[in-house]
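Accompanying notes for the structure given below.
The values are calculated or read from the model by the stated rules, or taken from the named source; none is laboratory data. Model, not experiment: these values are computed from the prediction. Quick reminder, even Gly has a Cβ in these numbers, built from the backbone with ideal geometry, and neighbours come from all protein chains shown. Just the protein is used for accessible areas: all its heavy atoms, side chains included, with ligands, DNA and RNA removed. Shrake-Rupley method; radii C 1.70, N 1.55, O 1.52, S 1.80 Å.
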Amino acid sequence: MVAAFGGLIFGYDLGISVCASSITRIFGRRLTMLSGGILFLVGAGFNAFAQKVWMLIVGRMLLGFGIGCANQSVPIYVSEVAPYKYRGALNMMFQLAITIGIFVANVLNYFFAKMKNGEGWRYSLGLAAVPAVMIIIGAMFLPDSPSSLIERGKDEKAKQELIKIRGTSDVDEEFKDLVEASQSSMAVKHPWATLLKRHYRPQLVMAIAIPFFQQLTGMNVITFYAPVLFRTIGFGSNASLMSSMITGGFNALATFVSIFTVDKVGRRKLFLEGGAQMFICQIVITAAIASKFGVDGNPGILPKWYAFLVVGFICIYVMGFAWSWGPLGWLVPSEIFPLEVRSAAQSINVSVNMIFTFAIAQVFTSMLCHMKFGLFIFFAFFVLVMSGFIHKFLPETKGVPIEEMSVVWQNHSFWKKFVKSASEEANAKVDNSC
Ligand code: BGC
């Protein structure tokens, strides 16, 4: 029953993120955030004051709505309003908020679980109201993004917002680019069908591959598995607290590294460095577990140095994820989609991310039972594949204004045969009209 409901709720989350694509396109990014925040708040209320199981289910569905709306709108909103030189750093605040949220929730859950009256779960679930209120207040005061305003025909307001956001009236060039992007966007009546056209192949591939690979790094498995490992290697009953404090803390702190470097060294270098770091750690963790636990899971007495070694490499692994695939998994998709397919492509990105988060969480324990320490080799293999993918297929997007992004594909050795430059397109139109 629980698994079936879990699947249902998850499917519902996915459905929502597909609907959220139309909401972001028709009503704008700001309203999507605001409605997501309100539903998240109501959901937290249902859960905290639940008297019957159905209230928990309704609450969870509302939270799903909130998550779908936020993941859909926040990354693209930030990428649209940020000055392109700082777009990477500002967009990564989204991942920073995720990691701080996970850290705080885990630490609080640990203490709430110890409450004597058994009502701690109400506080755990009810405190989801805090981020909900934050997103509501934020969305109430934020202006909508200029791209989104132009997309909905509010050009004058868009120009004023652009002047306000950039802090200068010298915005004519950027405004012209945004209007042009919006004109080609308006010509597109069916963004989903358009996204399937050959011309958008690089964006479609990235919208699927990046979230898929992000989950195949095994990050969530390492963090799920860490408390078990920590307990086994001697952290005793405090293992889950220690684990969430240590891995959660490193996850949040290391995100700052990417915030400070992404607009200087670029996306590709972070992806590749993070990949190499995670790969090495996965091999060392595999070797450490294999040598002590073998396949029967019986380690005998574990020396202190061993505990330090395993915890140390888990932390280095988590840091590698936290400054590469974690934040870049949200940044890169949000900045490479042209306006006409941006909302549709982002909802594919969110859906693929959720499908694989769910799938991996479901199969992880049985994979662990069958593959033992080989599980980490499985993820290490994928980290190699994804690093090769980035090396060959992802162009650098650092410092490129979002409305000029088509150039990076036109100049890319592999993708240039899929995308046409503006002059080629104009020629093709002339040819067709003859
Ligand atoms: C990923 C999540 C992960 C989180 C924390 C996000 O970017 O999508 O699956 O749990 O980072 O590290």
Residue by residue through the stretch 154-160, which ³J(HN,Hα) values in whole Hz follow from phi under the Karplus form 6.51 cos²θ - 1.76 cosθ + 1.60 (θ = phi - 60°), with glycine and proline marked x?
9, 5, 5, 4, 4, 5, 4
Averaged per residue, what accessible area in Å² does the chain show with a 1.4 Å probe, protein chains only?
46 Å²
Ranked highest first by the average count of other Cβ atoms within 10 Å around their residues, in what order do 116-127, 72-83, 266-277 fall?
72-83, 266-277, 116-127
In the chain the accessible area split gives carbon plus sulfur, as whole percent at 1.4 Å, a share of 70 percent
Let me cross-check residue 130: its accessible surface, 1.4 Å probe, with only protein heavy atoms counted, in Å² to the nearest 10?
80 Å²
Express the relative contact order of the chain as a whole percentage, based on alpha carbon pairs under 8 Å and six or more residues apart in sequence.
23 percent
Contour minus Cα-Cα distance for residue 173 and residue 265 (0.36 nm per residue)
30.5 nm
Pairwise FRET efficiency - residue 307 versus residue 130, Cβ, R0 = 45 Å, nearest 0.05
0.85
From the protein chains alone at 1.4 Å, what is the descending order of accessible area for 323, 330, largest first?
323, 330
Strictly over 29 Å apart at the Cα level, which of 154/189; 176/197; 116/292; 269/372; 157/189; 157/416 would you flag in this model?
116/292; 269/372; 157/416
Cut-off 14 Å, label 7 Å out along Cα→Cβ of residue 378, residues of the stretch 335-361 by amide N
357-361
Place the peptides 249-255, 316-322 in order of packing, highest mean first, counting for every residue the other Cβ atoms within 10 Å and averaging per peptide.
316-322, 249-255
Compare 278, 371, 93 in a GNM of the chain, Cα atoms joined below 10 Å, and give the one with the largest fluctuation.
371
Quick check: the distance between the Cα centres of the stretch 55-93 and the stretch 238-276, to the nearest angstrom?
19 Å
Just subtract the alpha-carbon distance of residue 198 and residue 410 from 0.36 nm times their residue separation and send over the number in nm, one decimal.
75.0 nm
Over its alpha-carbon atoms, the chain yields an Rg and a Dmax in Å of 22.9, 82
Got the relative contact order for the stretch 288-420 handy, in percent, Cα pairs under 8 Å and 6 or more residues apart?
24 percent
Could you tally the net charge around residue 404, taking each other residue with its Cβ under 14 Å from the Cβ of residue 404, Lys/Arg +1 and Asp/Glu -1?
-4
